[in-house]
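> Structure below; questions to follow.
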Amino acid sequence: MPEYLALVVCGSPLAARAQDVAVLAMRAGWRVRVVATPSALGWLDNAAVELATGFPALVDQRRPDQPKRFPEPAQVVVCPATFNSVNKLAAGIMDTYAAGILCESLASRTPMTILPMVSTRLWDHPAWRPNLTALTVAGVTFVDIRTGRAGHPEPIEAGTAPEVVEAFDPAWALVATPPGPSR
């Protein structure tokens, strides 16, 4: 049975491409569960995610009387990641199910790739660069959503989100992710 890849989707326009990333990850041998922040729901096509993966996106914590919904992920991809979610991860804030998956995965050294979709209007905030550095030191790989290059991501120009989403290649979300165990 293939191991799980958790595809964490945050609330920005690129969330509309989550099912495309999930399909490619499954073709690479992963079993994919999409975990969405509450703010991602406005951008995410949950019906398309369920059609692609066989599961609806998970948003809320399970109830105490419910069993775990999937094993610990062997790989985490955050696409897209927002300013808010990256900063919360660096600070260890677990106020949503998605944030909990991210914090637990970072603490357990689960391989993690983050594709931030952050505009030029927020890029120079004083918390941003130190948090990118801290997460990189902790083992996170960042990938630029405009080029697919791993390393130091760049901001998107404010107001260009539709063009960025259209030009995004879903394979870029997996450039730092090895093939799944069933490959």
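Every number here is computed from the coordinates shown, using simple stated rules; none is lab data. What you are looking at is a predicted structure, and each value in this text was computed from that prediction instead of being measured. Note: ideal-geometry Cβ built from the backbone for every residue, glycine included; neighbour counts use all protein chains shown.
> What single numbered condition from (1) of a type outside the set (A, V, I, L, M); (2) assigned to a loop (DSSP other than H, G, I, E, B); (3) in contact with a helix residue (DSSP H, G or I) (Cβ under 9 Å, 6 or more places away or on another chain); (4) over 23 Å from Val165 (Cβ atoms) fails to hold for Arg109?
Arg109 satisfies every listed condition except (3).
> Kindly indicate whether any position in region 42-60 is hydroxyl-bearing (Ser, Thr, Tyr) and either surrounded by fewer than 18 Cβ atoms within 10 Å (Cβ to Cβ) or touching a strand residue (DSSP E or B) at 6+ places or on another chain (Cβ under 7 Å) (or both).
Step one: list which residues in region 42-60 are hydroxyl-bearing (Ser, Thr, Tyr), which gives 53.
In the following step, the residues that additionally are either surrounded by fewer than 18 Cβ atoms within 10 Å (Cβ to Cβ) or touching a strand residue (DSSP E or B) at 6+ places or on another chain (Cβ under 7 Å) (or both) were identified as 53.
Within region 42-60 (the criterion being hydroxyl-bearing (Ser, Thr, Tyr) and either surrounded by fewer than 18 Cβ atoms within 10 Å (Cβ to Cβ) or touching a strand residue (DSSP E or B) at 6+ places or on another chain (Cβ under 7 Å) (or both)), the answer is yes, since at least one residue qualifies.
> Would you point out the residue of region 113-127, among those that are in contact with a helix residue (DSSP H, G or I) (Cβ under 7 Å, 6 or more places away or on another chain), more than 16 Å from Val76 (Cβ to Cβ) and without any contact (Cβ under 8 Å) to a residue 60 or more places away in the chain, that is surrounded by the fewest Cβ atoms within 10 Å (Cβ to Cβ)?
Ala127
> For region 62-93, how many residues meet the condition of being out of contact with any Pro (no Cβ under 8 Å at 6 or more places or on another chain), closer than 23 Å to Val21 by Cα, assigned to a loop (DSSP other than H, G, I, E, B) and not basic (Lys, Arg)?
4
> Still on this structure, please answer the following. Please specify each residue of region 156-179 satisfying the condition of being under 15 Å from Leu7 (Cβ atoms) and either part of a helix (DSSP H, G or I) or over 17 Å from the mean Cα position of the chain (by Cα) (or both).
Step one: of region 156-179, the residues under 15 Å from Leu7 (Cβ atoms) are 168, 170-177.
Pro170, Ala171, Trp172, Ala173, Leu174 - these are the residues of region 156-179 that are under 15 Å from Leu7 (Cβ atoms) and either part of a helix (DSSP H, G or I) or over 17 Å from the mean Cα position of the chain (by Cα) (or both).
> Next question, about the same structure. Across region 1-22, what is the number of residues that are part of a helix (DSSP H, G or I) and under 13 Å from Asn46 (Cβ atoms)?
Going through region 1-22, the residues part of a helix (DSSP H, G or I) turn out to be 13-22.
So of that shortlist, the ones also under 13 Å from Asn46 (Cβ atoms) come out as 15-16, 18-19, 22.
Residues in region 1-22 being part of a helix (DSSP H, G or I) and under 13 Å from Asn46 (Cβ atoms): 5 in total.
> Given the criteria part of a helix (DSSP H, G or I), touching a residue at least 40 places away in the same chain (Cβ under 8 Å) and either more than 14 Å from the chain's Cα centre (by Cα) or within 30 Å of Thr160 (Cα to Cα) (or both), does Ala52 qualify? I'd like the intermediate steps shown before the answer.
Details: part of a helix (DSSP H, G or I): yes; touching a residue at least 40 places away in the same chain (Cβ under 8 Å): no; either more than 14 Å from the chain's Cα centre (by Cα) or within 30 Å of Thr160 (Cα to Cα) (or both): yes.
No, not satisfied.
> Which one of Gly180, Gly148, Gly92 is surrounded by 13 or more Cβ atoms within 10 Å (Cβ to Cβ) and either in contact with a His (Cβ under 9 Å, 6 or more places away or on another chain) or more than 21 Å from Ala15 (Cα to Cα) (or both)? Working first, answer last.
Values: Gly148 fails: either in contact with a His (Cβ under 9 Å, 6 or more places away or on another chain) or more than 21 Å from Ala15 (Cα to Cα) (or both); Gly92 fails: surrounded by 13 or more Cβ atoms within 10 Å (Cβ to Cβ).
Going through Gly180, Gly148, Gly92 in turn, the sole match is Gly180.
> Does Glu104 fit the bill of being surrounded by fewer than 18 Cβ atoms within 10 Å (Cβ to Cβ), of a type outside the set (Ser, Thr, Tyr) and either farther than 24 Å from Ala36 by Cβ or under 17 Å from the mean Cα position of the chain (by Cα) (or both)? Even if it seems obvious, please write down each step before you answer.
On the way: surrounded by fewer than 18 Cβ atoms within 10 Å (Cβ to Cβ): yes; of a type outside the set (Ser, Thr, Tyr): yes; either farther than 24 Å from Ala36 by Cβ or under 17 Å from the mean Cα position of the chain (by Cα) (or both): yes.
Yes: the conditions hold for Glu104.
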